[in-house]
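Comments concern the structure below.
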Amino acid sequence: MIKTVILAAGEGTRMKSEKSKVLHKILNKTILSYIIDAVNFGDDSEIIIVAGKNYYDLKNMYPEMIIKKQEIGKNIPYGTGYATSLCIDEIKGGDTVLVLNGDIPLIKKESISEFLRKHKENDDDGSVLSVKIKDPSGYGRIVRKNNEFVKIIEEKDADENQRKIDEINSGIYAFKGKELKDSLKKLNSKNKSKELYLTDCIGILNSEGKKVNAFENKNYKEFFGINNKYELSFANEIMRERVNEKYMIEGVIIENPSITTIQPGVKIGNDTEISGCVSILGNTTIGKNCIIKGSCRIENSQIGDNVIIDNSIIEESKIENGVDIGPFSHLRPNAMLKENVHIGNFVEVKNSTVGEKTKAGHLAYIGDSDIGKNVNIGCGVIFVNYDGTFKHRSIVKDNAFIGSNSNIVAPVTIENEGYIAAGSTITENVAKGELSIERSKQINKPGYVEKKKIRDEKLKEEK
Ligand code: UD1
Ligand code: CA
């Protein structure tokens, strides 16, 4: 059985954050989730995560996994070796144990599988995945003697010559269960960091005549470890490029990939065109031939074909084919727009269904309402849904006309072809085909301005 240990308990001090390092996000997904995706080997495998201050978060996020808690504090050992040792009881002698740092989100499943295959083919007791990089500073170095792998030396403990080694430890290891358990017991903290290093297990096995290997992977970009927020942003860029490339190869047009963020897992149809500063996040599906332009955030939403979205925010909403949204619209949770709806400038829609071909072109709030087909919602219309204590719904049926600057005070129903005069505050139901005007009658006073001028002049003279 393959037992995968993911080390995620580190203090992450270099991140300078309240939040655990592995829960920081890349393209809106946690660092840790990328690692879990890459080591999902199916039935004959099990994942064990070593957690620290993120223990309860991880337990909630991954209830099906084994989560070990590493206590951190004075007089308690620390280090990757100590963290791994907390999993000893879960590991059997005959298991193959894959150990990974929790901070290397760019790794690909194929690379891990290839590494495990080499480890098994060589019948190694312990293997390390290594890479050669231009600037190896910060990483543990792969020490070889006559080309044979001997040990890993941490940068802090390395001498001048060892620091020049450009082959580094990626933080991915494979062990025979028994050898890992035995060597972990022999670790000590006689090093600059006074930590128990997992990396020392390799040196221990080698010194006992066991078989160890470092297998180099040429795709160094995959093994980039994140220790601070600059590196987080760097990894984000690499992942963005990788993910966007995949969408483009699959038929999506992305005009400027460097400012387009698509969370892995989002589905986008062919010939959909994305330009501008667009983020498409969460569980989102977008159909074919859509245009998404300007500055947009689309999150957890289902969007049909031929939809146009311009400079707008869409959250937890459902949008059917041919809908046109924006610029500057906000669809909040549970907005359901049927085919060919038009939602225009500065319109907010929340928890409402809007029927086919209905139009709300400018400056409106549509909240907690059910609106039929072909309804015209004028400029400045407000669905007044809150009485200070409770929210209520309003219903507007097909072909109704809501004049500009009207208030629809819920709960109220406007029947088919109901016609609301501009500026009305509607608190009573409106029957089919009725005109409803709720405003005071206009009075025009001829000659008023001239009279006012004369009066004002007189007042000035008197002062
Ligand atoms: C580690 C390796 C180094 C390697 C590098 C690759 C050691 C001693 N060094 O260094 O050789 O080149 O990764 O990126 O392993 N963690 C725990 N508990 C702890 C300490 C750490 O769970 O007590 C976890 C961290 O959350 C992290 C991982 O282990 O996910 C690695 O720890 P980190 O401190 O980042 O190690 P590096 O200094 O990067
Ligand atoms: Ca690290």
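Just for strands (runs of 3 or more DSSP E) wholly inside the range 106-214: which have at least 3 residues that are surrounded by fewer than 23 Cβ atoms within 10 Å (Cβ to Cβ)?
Once the strands (runs of 3 or more DSSP E) in the range 106-214 are filtered for at least 3 residues that are surrounded by fewer than 23 Cβ atoms within 10 Å (Cβ to Cβ), what remains is 141-145, 148-153.
Can you report the number of residues in the range 10-30 which are near ligand 1 (Cβ under 9 Å from one of its atoms) and either modelled with pLDDT of 95 or more or in a helix (DSSP H, G or I) (or both)?
4
Cβ contacts < 7 Å: first residue in contact (Cβ under 8 Å) with a residue 24 or more places away in the chain and at positive phi, restricted to the range 18-35; second residue surrounded by fewer than 22 Cβ atoms within 10 Å (Cβ to Cβ) and outside any loop (DSSP other than H, G, I, E, B), any location; separation 6+ or different chain. Result?
Short answer, once both residue conditions are applied: LEU27/ASN236; LEU27/MET239; LEU27/ARG240; LEU27/VAL243; LEU27/THR261; ASN28/LEU281.
What single numbered condition from (1) within 23 Å of CYS87 (Cβ to Cβ); (2) more than 16 Å from ligand 2 (Cβ to nearest atom) fails to hold for GLU167?
The failed condition is (1).
Would you point out which residue out of GLU316, GLU339, GLU348 is of a type outside the set (Val, Ile, Thr), out of contact with any strand residue (DSSP E or B) (no Cβ under 8 Å at 6 or more places or on another chain) and open to solvent by 50 Å² or more (accessible area, probe 1.4 Å)?
Residue meeting the stated conditions: GLU339.
Please work out if ILE31 is within 16 Å of ligand 2 (Cβ to nearest atom) and in contact with a His (Cβ under 8 Å, 6 or more places away or on another chain).
Judged against the criteria, ILE31 is a match.
Restricting to the range 36-48, name every residue that is in a strand (DSSP E or B), buried (at least 17 other Cβ atoms within 10 Å of the Cβ) and either of a type in the set (Gly, Ala, Ser) or in contact with a helix residue (DSSP H, G or I) (Cβ under 6 Å, 6 or more places away or on another chain) (or both).
Selection gives ILE48 alone.
Take the residues of the range 215-253 that are within 16 Å of ligand 1 (Cβ to nearest atom), part of a helix (DSSP H, G or I) and among the hydrophobic types (A, V, I, L, M, F, W, C): which is most open to solvent (accessible area, probe 1.4 Å)?
The selected residue is PHE234.
Based on what the data block shows, is SER183 within 16 Å of ligand 2 (Cβ to nearest atom) and either closer than 13 Å to GLY203 by Cα or among the polar types (S, T, N, Q) (or both)?
Judged against the criteria, SER183 is not a match.
Being more than 16 Å from ligand 1 (Cβ to nearest atom) and surrounded by 16 or more Cβ atoms within 10 Å (Cβ to Cβ) is the filter; apply it to the range 92-105 and report the residue that is farthest from the chain's Cα centre (by Cα).
Among residues in the range 92-105 that are more than 16 Å from ligand 1 (Cβ to nearest atom) and surrounded by 16 or more Cβ atoms within 10 Å (Cβ to Cβ), the one farthest from the chain's Cα centre (by Cα) is ASP95.
So which residues in the range 223-268 are closer than 26 Å to ASN101 by Cβ and over 17 Å from the mean Cα position of the chain (by Cα)?
PHE223, PHE224, GLY225, ILE226, ASN227, ASN228, TYR230, GLU231, GLU245, LYS246, listed by residue number.
Among the residues of the range 60-77, which ones are open to solvent by less than 70 Å² (accessible area, probe 1.4 Å) and either in contact (Cβ under 8 Å) with a residue 60 or more places away in the chain or not in a strand (DSSP E or B) (or both)?
Those that are open to solvent by less than 70 Å² (accessible area, probe 1.4 Å) and either in contact (Cβ under 8 Å) with a residue 60 or more places away in the chain or not in a strand (DSSP E or B) (or both): TYR62, MET65, GLN70, ILE72, GLY73, ILE76, PRO77.
The values are calculated or read from the model by the stated rules, or taken from the named source; none is laboratory data. Please read these numbers as outputs of a predicted model, since none were measured by experiment. So basically every Cβ, Gly included, is an ideal-geometry build from the backbone, and we count neighbours across all protein chains shown. We work out accessible area using only protein heavy atoms, side chains counted, and drop any ligands, DNA or RNA first. Shrake-Rupley method; radii C 1.70, N 1.55, O 1.52, S 1.80 Å.
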